[in-house]
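Chemist: Just passing along the structure, written as structure tokens.
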Amino acid sequence: MNSESQTIAVIVAAGRGERAGGAIPKQYRKVAGSSLVAHALRAFEAHPEINKVIVVIGEGQDEMLAEAVAPSPVPQTVIGGASRRQSVLNVLSAIADDGGADRVLIHDAARPFLPARVIDGLIAALDIDTGAIPVLPVVDTLARGDGALGDTVPRDGIWRVQTPQAFRFADILAAHKAWPADKEATDDAQMLRHAGGNVALVEGDTMLEKLTHPADFALAEARHARPSFRIGSGYDVHRLVDGDGVWLCGVHIPHDKTLSGHSDADVALHALTDAILGAAAMGDIGQHFPPSDPQWKGAASHIFLSHAVKLVGEAGYSIANSDITVICEKPKVGPHREAMQARVAELMGVDIGCVSVKATTTERLGFTGRGEGIAAQAQVLLQSA
């Protein structure tokens, strides 16, 4: 395949989707945390063979699209027509006016979960054929009937057709222009076939099931929703220097030493913050609060923890429980454990029963055993809110 050739993906999202119910067209409804059109858009934008994505929208749907794909930039759009066929012709004409393309993939927004391997197969097929479509075999028994069961219908050679459908651009544009204006087409592949083009069959995927009715949305949510639970772990170490006490779990404990660090060096809250960020795959404390940034010098570590809790809450998670282990010889944690648990629970907005704080020593081995520093580790379980 010529690496310099251009492939454009088109997402047809101009319909009203009334059979799906809801207050907005189905392509803008959310499943598994994102709108249908956003899922499809990300799949195309992530594929290395796709050079551009164009979304076909209905008149006046600009704001709905912007909200549906936020915070990502709004892609190029074309206004659709009164029918799907007219909508596709509109976008093909717009591509032609903009210099054309080598290949085009035409996809329905109602099929949001698009595997990269399907795109791979479709593009590869265009090296030989003028068009290619993803298909799945019919596995259920087919039968005729009108109120009562009739004869079965042979399944041999019968396929379930999906999108995206891929074409050499010049061929599908010509097929659309030659199609009778007063006749609707089943899909773009049939139009190309009617014009004499050859359409290859490529293996489809059950992920590409079309969402049409309310039950389809419920099934897709159950199948594709983010995990209900996520686990994170954190670990931190700070050196002990001369001072008058240490901060642990947001509680000041009198001691003849203090922990050295850019902030207040609360090693336990640092480990806990990293555990929360890690569970949500949001990086680590250093990315959000760089030690090189002077504004965090001497800062109270509860600021970092509260920020992490806020982020995971915005991502749709709440904290199920946390477990913190402080590793040191001195000071003794036991007398302060309840206050530490209460403070952590307050900062995370959870019941105190969801917070465990405990301590251990290393039997005087290593830097903690020699009293040179304090270490802490933490584990967190997040659950879908």
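Chemist: Being in contact with a strand residue (DSSP E or B) (Cβ under 7 Å, 6 or more places away or on another chain) and exposed (fewer than 14 other Cβ atoms within 10 Å of the Cβ) is the filter here, so list the residues in region 362-371 that pass it. Outline the logic, then answer.
Modeler: Here is the first cut: in region 362-371, the residues in contact with a strand residue (DSSP E or B) (Cβ under 7 Å, 6 or more places away or on another chain) are 362, 367-368, 371.
Gly371 - this is the single residue of region 362-371 that is in contact with a strand residue (DSSP E or B) (Cβ under 7 Å, 6 or more places away or on another chain) and exposed (fewer than 14 other Cβ atoms within 10 Å of the Cβ).
Chemist: Can you tell me which condition Arg117 does not meet? The list is (1) surrounded by fewer than 18 Cβ atoms within 10 Å (Cβ to Cβ); (2) over 29 Å from Arg155 (Cα atoms); (3) not β-branched (Val, Ile, Thr), and all the others hold.
Modeler: All conditions are met except number (2).
Chemist: Kindly state which helices (runs of 4 or more DSSP H) lie completely within region 156-225 and contain at least 1 residues that are hydrophobic (A, V, I, L, M, F, W, C) and more than 26 Å from the chain's Cα centre (by Cα). Break it down into steps so the answer makes sense when it comes.
Modeler: Values: elements: 169-178, 188-194, 214-224.
Where helices (runs of 4 or more DSSP H) fall fully within region 156-225 and carry at least 1 residues being hydrophobic (A, V, I, L, M, F, W, C) and more than 26 Å from the chain's Cα centre (by Cα), they are 169-178, 188-194.
Chemist: What are the pairs, 6+ residues apart or on separate chains, where a residue within region 361-379 that is over 25 Å from Leu305 (Cβ atoms) has its Cβ under 7 Å from a residue that is assigned to a strand (DSSP E or B) and among the aliphatic types (A, V, I, L, M)?
Modeler: Here the result reads Thr362/Ile327; Gly371/Leu240; Glu372/Leu240, each pair linking region 361-379 to a residue that is assigned to a strand (DSSP E or B) and among the aliphatic types (A, V, I, L, M).
Chemist: In addition: Only strands (runs of 3 or more DSSP E) wholly contained in region 242-327 count here; list those with 2 or more residues that are within 30 Å of Ala32 (Cα to Cα) and under 22 Å from the mean Cα position of the chain (by Cα). Spell out how you get there, then give the answer.
Modeler: Details: elements: 245-248, 251-254, 257-260, 317-327.
Ranges flagged: 317-327.
Chemist: Here is a further query. Please count how many residues of region 313-336 are of a type in the set (A, V, I, L, M) and at pLDDT below 90. Outline the logic, then answer.
Modeler: We begin by selecting, within region 313-336, every residue of a type in the set (A, V, I, L, M); these are 315, 319-320, 324, 326-327, 333.
From the residues that got through so far, the ones that are at pLDDT below 90 too are 315.
Selection size over region 313-336: 1.
Chemist: Please tell me if Glu346 is of a type in the set (Asp, Glu), surrounded by 13 or more Cβ atoms within 10 Å (Cβ to Cβ), within 27 Å of His255 (Cα to Cα) and in the same structural domain as Leu259 (by TED's automatic domain parsing).
Modeler: In short, yes.
Chemist: If Arg337 meets every condition in (1) basic (Lys, Arg); (2) crowded, with 16+ Cβ neighbours inside 10 Å; (3) not in a helix (DSSP H, G or I) apart from one, which number is that one?
Modeler: (3)
Chemist: Can you list the strands (runs of 3 or more DSSP E) found entirely within region 24-129 that contain at least 2 residues being of a type in the set (A, V, I, L, M, F, W, C) and touching a strand residue (DSSP E or B) at 6+ places or on another chain (Cβ under 6 Å)?
Modeler: Details: elements: 52-57, 76-79, 103-108.
Counting at least 2 such residues, we get 52-57, 103-108.
Yes/no matrix, rows are residues, columns are (1) without any contact (Cβ under 8 Å) to a residue 40 or more places away in the chain; (2) surrounded by fewer than 16 Cβ atoms within 10 Å (Cβ to Cβ); (3) under 15 Å from Leu381 (Cβ atoms):
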site	(1), (2), (3)
Ala215	yes, yes, no
Ala268	no, no, no
Leu305	no, no, no
Val312	no, no, yes
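Chemist: Test each condition in (1) surrounded by 20 or more Cβ atoms within 10 Å (Cβ to Cβ); (2) at pLDDT below 95; (3) part of a strand (DSSP E or B) for Pro134 and report the one that comes out false.
Modeler: Checking Pro134 against (1) surrounded by 20 or more Cβ atoms within 10 Å (Cβ to Cβ); (2) at pLDDT below 95; (3) part of a strand (DSSP E or B), the one that fails is (2).
Chemist: Can you tell me which residues in region 205-230 are within 21 Å of Gln162 (Cβ to Cβ) and of a type in the set (Gly, Ala, Ser)?
Modeler: Ala215, Ala218, Ala220, Ala222
Chemist: Could you grab the pairs with beta carbons closer than 7 Å, sequence gap of 6+ or different chains, first residue in region 324-345 and under 17 Å from Gly369 (Cα atoms), second one part of a helix (DSSP H, G or I) and hydroxyl-bearing (Ser, Thr, Tyr)?
Modeler: Ile327/Thr368; Cys328/Thr368; Glu329/Thr368
Chemist: Does region 346-366 contain at least one residue that is more than 17 Å from Asp323 (Cα to Cα), over 30 Å from the mean Cα position of the chain (by Cα) and part of a helix (DSSP H, G or I)?
Modeler: Quick first cut of region 346-366, residues more than 17 Å from Asp323 (Cα to Cα) only: 362-366.
Applying the additional criterion that residues be over 30 Å from the mean Cα position of the chain (by Cα) yields 362-366.
Add one more test, that the residue is part of a helix (DSSP H, G or I), and what stays is 366.
Looking for residues that are more than 17 Å from Asp323 (Cα to Cα), over 30 Å from the mean Cα position of the chain (by Cα) and part of a helix (DSSP H, G or I), one finds at least one in region 346-366, hence yes.
Chemist: Please count how many residues of region 367-385 are under 32 Å from the mean Cα position of the chain (by Cα), of a type in the set (S, T, N, Q) and at pLDDT below 95.
Modeler: 2
The values are calculated or read from the model by the stated rules, or taken from the named source; none is laboratory data. Predicted, not measured: the structure shown is a model, and the values here were computed from it. Here Cβ is always computed from backbone atoms with ideal geometry, including for glycine, and neighbour counts include all displayed protein chains.
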